[in-house]
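Step one of this worksheet: look at the structure below.
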Amino acid sequence: MQGRNLFEYAVIRVVPRVEREEFMNVGVILYCSKQKYLKMVYTLDKERLLAFFKDIDLEVVEENLRSFQRIANGGNDAGPIGLLDAPSRFRWLTATRSTVVQTSKVHPGFCMDGDETLERLFKQLVA
């Protein structure tokens with residue numbers, strides 16, 4: 001598989017009531033070591049989410065998603081986690097948690113271009 005690199009991804013989910021384990025996919029995070037690539041994309045369909053769970057605090061959900069985005073991007077504005085290397089940030093973002101914003105289990109694949117793969121996965125799993 002020359003030219004193709006191993007990547008890992010997880011789906012980002014909003015889980016309004018953790019105890020019910022119902023969720024809505026809102027984004028994807030993709031990490032590829034060979035390409036030094038870590039990126040997250042998301043969209044929040046507020047109407048759909050409110051139809052799914054009318055009492056959810058959309059501001060809290062949006063702030064959590066923005067935090068995930070800052071950590072994926074790395075840097076000082078993402079706090080101490082944002083200063084870690086890309087593999088550590090990916091592992092932190094995809095760690096199992098019982099919060100309103102969660103990720104799926106990590107899935108592997110092969111890609112030639114991280115951006116193309118992330119866009120394809122986002123279209124398949126979220127849009």
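The values are calculated or read from the model by the stated rules, or taken from the named source; none is laboratory data. Remember, it's a predicted structure, so these values are computed and weren't measured experimentally. Cβ sites come from the backbone with ideal geometry, for glycine too, and all protein chains shown count toward neighbours.
From the residues in segment 1-32 that are of a type in the set (D, E, K, R) and touching a helix residue (DSSP H, G or I) at 6+ places or on another chain (Cβ under 8 Å), which one is surrounded by the most Cβ atoms within 10 Å (Cβ to Cβ)?
Per the stated criteria, the residue is Glu8.
Restricted to segment 33-44, and to residues there that are free of Cβ contacts under 8 Å to residues at least 60 places away in the same chain and closer than 20 Å to Arg70 by Cα, the residue that is surrounded by the fewest Cβ atoms within 10 Å (Cβ to Cβ) is Lys36.
If you check Arg17, Arg89, Arg48 for being under 26 Å from Gly109 (Cα atoms) and either touching a Lys or Arg at 6+ places or on another chain (Cβ under 7 Å) or in contact (Cβ under 8 Å) with a residue 12 or more places away in the chain (or both), only one passes: Arg89. Evaluated against (1) over 12 Å from Met40 (Cα atoms); (2) surrounded by 14 or more Cβ atoms within 10 Å (Cβ to Cβ); (3) in contact with a strand residue (DSSP E or B) (Cβ under 8 Å, 6 or more places away or on another chain); (4) not charged (D, E, K, R), Ile81 falls short on exactly one condition, (3).
Within the bounds of segment 46-53, is there any residue that is under 17 Å from the mean Cα position of the chain (by Cα), acidic (Asp, Glu) and modelled with pLDDT under 95? Within segment 46-53 (the criterion being under 17 Å from the mean Cα position of the chain (by Cα), acidic (Asp, Glu) and modelled with pLDDT under 95), the answer is no, since none of the residues qualifies.
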